[in-house]
Amino acid sequence: MTARDDMSDPNTETTDAATTDTATTDTERNAPAGPGEGRAGSGQRRPGTAALVFGAVAAILLGVVIGVVIRLPLDGHAEPDPNAVDIGFLQDMSAHHNQAVEMAGIALTRSTDTEVRTLAYDILTTQANQIGRMQGWLQMWNESAQTVEGHMGWMTDAGGHRHGGSEHTGPVDTMPGMASRDDLEALRRASSPELDTLFLSLMLRHHQGGIPMLEYAGEHAATTAVRTFSAGMAASQAAESELLTDMLTARGGTPLPLE
């Protein structure tokens, strides 16, 4: 059996409503109120840590189901085996997404800004689901969940890849856009409205840092599923970056430089 025959179509995620509705019931109970329903702290109960963790785990498990259990071919042709780009991208983007989920969880449980909490909930559930799908593919291919040789070594053509404006021709210790330990600690200690502008600026930089990896995998991955998956994420994160910029500006914040 080829790698293609074992791979799911990423587009089935939106069409299998029964599966999605069942897996996401518990996470939806903890979703923040929509615009116009008031801010947290004014009669609105914010989700507890246990409920938040359960929701993230449910989203990840749903992603694994979509990536592994539902095995539908993309078309009638054989799919090539995954190459270093497919594998390296899934490993690195899983790690990149993990930090986004962590930051979104902090904002969801601590912010008193309804719009910020709504966005944080969307990011947490969406990226947790995507982590599950990426890890599901790695499991199918008998590859490790994460790399042990540094990040982005799979981006090797055309003289290397760009990291914060500098060229690199091999693995790097830190991926672009990643928050530092000090950044995360500051986010945990902050409270609204300072927490809101810090979260938005960190998440905007985080999205911007991931775009080159998404675009590279969209062009160079061997499997159709990974190319389609990464290209779709690039488009959605570019749009979400515009929203983050607008929300940050409206709250008097400024974007952070991409290092």
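The values are calculated or read from the model by the stated rules, or taken from the named source; none is laboratory data. Since this is a predicted model, take the numbers as computed values, not measurements. Because the Cβ atoms are built from the backbone with ideal geometry, glycine has one as well, and the counts that use them run over all protein chains shown.
Take the residues of region 232-259 that are free of Cβ contacts under 8 Å to residues at least 40 places away in the same chain and surrounded by 15 or more Cβ atoms within 10 Å (Cβ to Cβ): which is nearest to Trp137 (Cα to Cα)? Ranking the qualifying residues of region 232-259, first place goes to Ala234. For region 128-135, indicate whether the set of residues that are closer than 21 Å to Leu184 by Cα and either hydrophobic (A, V, I, L, M, F, W, C) or free of Cβ contacts under 8 Å to residues at least 24 places away in the same chain (or both) is non-empty. Yes, some residue in region 128-135 is closer than 21 Å to Leu184 by Cα and either hydrophobic (A, V, I, L, M, F, W, C) or free of Cβ contacts under 8 Å to residues at least 24 places away in the same chain (or both). Can you pull out every residue in region 94-110 that is touching a Ser or Thr at 6+ places or on another chain (Cβ under 8 Å) and either among the hydroxyl-bearing types (Ser, Thr, Tyr) or surrounded by 24 or more Cβ atoms within 10 Å (Cβ to Cβ) (or both)? The one that is touching a Ser or Thr at 6+ places or on another chain (Cβ under 8 Å) and either among the hydroxyl-bearing types (Ser, Thr, Tyr) or surrounded by 24 or more Cβ atoms within 10 Å (Cβ to Cβ) (or both): Thr109. Please tell me if Asp113 is surrounded by fewer than 24 Cβ atoms within 10 Å (Cβ to Cβ) and closer than 17 Å to Glu240 by Cα. Here the answer is no, as Asp113 does not meet what is asked. Within region 217-231, being touching a helix residue (DSSP H, G or I) at 6+ places or on another chain (Cβ under 7 Å) and either outside any helix (DSSP H, G or I) or touching a residue at least 12 places away in the same chain (Cβ under 8 Å) (or both) holds for Ala217, Gly218, His220, Ala221, Ala222, Thr223, Ala225, Val226, Thr228, Phe229, Ser230, Ala231.
For the residues Ser201, Ser191, the requirement of being at pLDDT 95 or above, in a loop (DSSP other than H, G, I, E, B) and closer than 30 Å to Val116 by Cβ singles out Ser191. Quick one: would you say His151 is touching a strand residue (DSSP E or B) at 6+ places or on another chain (Cβ under 9 Å) and modelled with pLDDT of 95 or more? So His151 fails the test. Set side by side, the residues Gly177, Gly253 differ, and just one is more than 18 Å from Asp122 (Cα to Cα) and under 14 Å from the mean Cα position of the chain (by Cα), which is Gly177. When Asp122 is tested against (1) modelled with pLDDT under 95; (2) surrounded by fewer than 17 Cβ atoms within 10 Å (Cβ to Cβ), only condition (1) is not met.
Of all residues in region 114-127, those that are farther than 17 Å from Met93 by Cβ have Cβ atoms under 7 Å from Cβ atoms of residues that are among the basic types (Lys, Arg), 6 or more apart or on another chain, in Thr114/Arg39.
Phe89 meets each of the listed conditions (1) under 18 Å from Phe229 (Cβ atoms); (2) at pLDDT 95 or above; (3) surrounded by fewer than 21 Cβ atoms within 10 Å (Cβ to Cβ) apart from (3). Can you confirm whether Asp157 is surrounded by fewer than 16 Cβ atoms within 10 Å (Cβ to Cβ) and at pLDDT 85 or above? Criteria not met by Asp157.
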